[in-house]
Amino acid sequence: MNLSIARRGLAPLAVAGAAALVLAACGSDPDTNPADDTENAGDTADSSEADSDLSGSLNGAGASSQEAAQQAWIAGFQQQHPGVTVNYAPEGSGAGREQFTSGAVPFAGTDAYLDDEELVAAEEACGAPAVDLPLYIDPIALPYNLPGVDTLNLRPEVIAGIFDEQITTWNDPAIAESNPDVTLPDLPITPVHRSDESGTTENFVDYLSKAAPQAWPHEVSGDWPAGLSGEAAAQTPGVIQAVEAAEGTIGYASAAAVGDMTTVAVGVGDEFVEYSAEAAAAVVASSPQAEGRAENDFAVDLARDTTESGNYPIVLISYIVACTAYDDAATGELTQAYLSYLASEEGQQAAADAAGSAPISDEMRADVQSVIDSIEIG
């Protein structure tokens, strides 16, 4: 079996080592060996390997939040199709979209759907329209490092104030108000943000702008707002490492990466909600499809300001963006087959087991599969 999650610009041996280290750091269970997860993911796959005549290599790039899921997807898919090598470079959503819209890769992972300008560029690269397929639903957790503080409730406007650097100490009255039974330290707050363009950042900032518009004056973007300092860290592993390294830190990252770190319970209506796959799926189910998109595009506008009980609104839908037609038949066949596995009940469960994501609904899975089946090849 060829299992490859590679990083660009590294020598082959360095790639293997770096990928193994990154995947180990991003496992959803710190007591679980990622290699074991890979084996388990493969065990769930259809074992009819001899029936597959697919062969060749398929390369994708994009969201680092998908690393654990991509590991499981690649393992399961390659067990079914041992003649295929799938490579995924987890370089971040912005890098993935750039490579896809330039024609460098036939599919990409991204935590934010393609904008209008990117759709135009993608259509030019593909020779046909591109589509956003929501195949990975993941809460964005807010890990923090405060020894002795095992629970922390924060309302949206307080989260915004912390990351806007208006609330600067952990015993600030705005934090204490929602944590009456917690002894909060007189310690400076160090917010940690992504240094690279990131769909995780865009989703987090989108939440702040909609759930706490009076407290968050910045535009929604995959780049962290200029003028804010805090601590910058590259990609999801970098944020986790920065929060773990120093007391008083707080960051935002894919829930798949936080392991057993302490995380914030977010204010929703009159309650505080911990992240979970179920709570993330609940907010997606109550959110409308984005307006102005093609009929077969499944971009979703999340209900960030929900007050519904049991909803966790800091969530990303990580998409796979793909062409609706591929001139190269071999590339088209491999892409279509791989995306079909990702959308399948088996593929969605493999991601849930490996990364703690929320499987898409049966209805959405059927809709997405119909789009994948309609891809024109050759």
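Would you confirm whether or not segment 204-226 contains a residue that is surrounded by 20 or more Cβ atoms within 10 Å (Cβ to Cβ), within 20 Å of Ser318 (Cα to Cα) and without any contact (Cβ under 8 Å) to a residue 24 or more places away in the chain?
Yes - at least one qualifying residue is present in segment 204-226.
Do we find that Glu247 is within 16 Å of Thr200 (Cβ to Cβ), outside the structural domain of Glu91 (by TED's automatic domain parsing), more than 20 Å from the chain's Cα centre (by Cα) and at pLDDT 95 or above in this structure?
So Glu247 does not fit the description; no.
Would you mind stating whether Arg304 is basic (Lys, Arg) and buried (at least 19 other Cβ atoms within 10 Å of the Cβ)?
yes
Between Ser48, Ser52, Ser28, Ser102, which is within 29 Å of Ser221 (Cα to Cα) and at pLDDT below 90?
Of Ser48, Ser52, Ser28, Ser102, the one residue that is within 29 Å of Ser221 (Cα to Cα) and at pLDDT below 90 is Ser28.
It is to be established whether one or more residues within segment 182-190 are part of a loop (DSSP other than H, G, I, E, B) and among the charged types (D, E, K, R).
yes
Inside segment 258-276, can you point out the residues that are loosely packed, with under 14 Cβ neighbours inside 10 Å, touching a residue at least 40 places away in the same chain (Cβ under 8 Å) and more than 19 Å from the chain's Cα centre (by Cα)?
Across segment 258-276, the qualifying residue is only Gly269.
Within segment 307-314, can one find any residue that is of a type in the set (Ser, Thr, Tyr), crowded, with 22+ Cβ neighbours inside 10 Å and at pLDDT below 95?
Scanning segment 307-314, I find no residue that is of a type in the set (Ser, Thr, Tyr), crowded, with 22+ Cβ neighbours inside 10 Å and at pLDDT below 95, so the answer is no.
Among the residues of segment 160-183, what is the count of those that are in contact with a helix residue (DSSP H, G or I) (Cβ under 7 Å, 6 or more places away or on another chain), crowded, with 17+ Cβ neighbours inside 10 Å and among the aliphatic types (A, V, I, L, M)?
3
Restricting attention to segment 310-348, which residues are of a type in the set (Phe, Trp, Tyr) and assigned to a helix (DSSP H, G or I)?
The answer is Tyr338, Tyr341.
Can you tell me which residue in segment 277-306 is modelled with the highest pLDDT, limited to those that are over 19 Å from the mean Cα position of the chain (by Cα) and of a type in the set (Ser, Thr, Tyr)?
Taking the candidates together, the pick is Thr306.
The values are calculated or read from the model by the stated rules, or taken from the named source; none is laboratory data. Note that the coordinates shown come from a computational prediction; the quantities given were computed from them, not determined experimentally. A quick note on method: Cβ atoms are made from the backbone with ideal geometry, for glycine too, and the neighbour counts reach across all protein chains shown.
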